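What follows is a set of notes on a single structure, which appears directly below.
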Amino acid sequence: MKNIRFVLLAAAAGLILTGCGDDSGAGGTPSASNNPSTPIASLPSPSTTTGTGLPLTVSRTGGFAGFNDQVVVGTDGIASVSSMGKAGKCKLETGFLNTLTDAVKQVDWASVGVTKPTIRHPDDMIIAVSASGGLARLDDPKLKPLVAPVGTLLTEATKPGNLCKPV
C-alpha cells in the first residue's frame, strides 16, 4: 500500500512540475505566450493630464483567470469601466478619489516613460497604468505609490461597491 502511495505522489509531482516548466529548451518553438517580448493586445493609452494628475487609465489583462479589464478615471471622478465584456460607469467616492489623485501626483511620470508591458511568463497577469504621458506595469518600482489605490480601484470599479457608485 505504501508503494502505491509513493508512486501516485511521484506521478502527481511529475505532472505538476511538467506544467510549471519552460519548454523553450525542449527543441520546439516557444509559443507567443512564453515569449517575454510579445506585447499584450490591449494597452492603456498614455494620456495628458491636468493639475489633478488625472485622467488615469488602468488595464488588467491575462492571469490564470483571463482578466481583460480597463478602468479610465476622468478628472470628474467618473470611472468608465470595461470588465468581462460589459461596460459601465461609476462615480468614485470623494475621499477615495483624493487618495488616488494624490498617489498619481507622487509618481514622476517623466521618468516612468512609456514602457509597453509584455508577457513575462504563461498566465502572467499584467496591470498597466497610464497617466501624464507615462505608461508602465504596476509592479514598476517607480509606481509604488499607486499599488494600493490601483488595487482598490480595480476591485471597486469592476464590481461597484461603497467607493464606486454606479451612475
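The values are calculated or read from the model by the stated rules, or taken from the named source; none is laboratory data. None of the values given here were measured: they were computed from a predicted structure. Cβ: placed from backbone, ideal geometry, glycine included. Neighbour counts: every protein chain shown. Areas reflect the complete protein model, heavy atoms only, side chains present, ligands, DNA and RNA absent. Shrake-Rupley method; radii C 1.70, N 1.55, O 1.52, S 1.80 Å.
Data overview
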| quantity | calculated |
| --- | --- |
| Residues of segment 57-73 satisfying the condition of being open to solvent by less than 40 Å² (accessible area, probe 1.4 Å) and either free of Cβ contacts under 8 Å to residues at least 24 places away in the same chain or not basic (Lys, Arg) (or both) | 57, 58, 59, 61, 62, 63, 69, 71, 73 |
| Neighbours by Cβ (under 8 Å, 6+ apart or cross-chain): first from segment 86-109, farther than 13 Å from residue 74 by Cα; second in a helix (DSSP H, G or I) and charged (D, E, K, R) | 96/156; 107/142; 108/142 |
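Results for (1) at pLDDT below 95; (2) touching a strand residue (DSSP E or B) at 6+ places or on another chain (Cβ under 7 Å); (3) of a type outside the set (Lys, Arg); (4) over 25 Å from residue 166 (Cβ atoms), shown as yes or no for each residue.
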{"residue": "46", "(1), (2), (3), (4)": "yes, yes, yes, yes"}
{"residue": "66", "(1), (2), (3), (4)": "yes, no, yes, no"}
{"residue": "82", "(1), (2), (3), (4)": "yes, yes, yes, no"}
{"residue": "90", "(1), (2), (3), (4)": "yes, yes, yes, no"}
{"residue": "99", "(1), (2), (3), (4)": "no, no, yes, no"}
{"residue": "117", "(1), (2), (3), (4)": "yes, yes, yes, yes"}
{"residue": "122", "(1), (2), (3), (4)": "yes, no, yes, yes"}
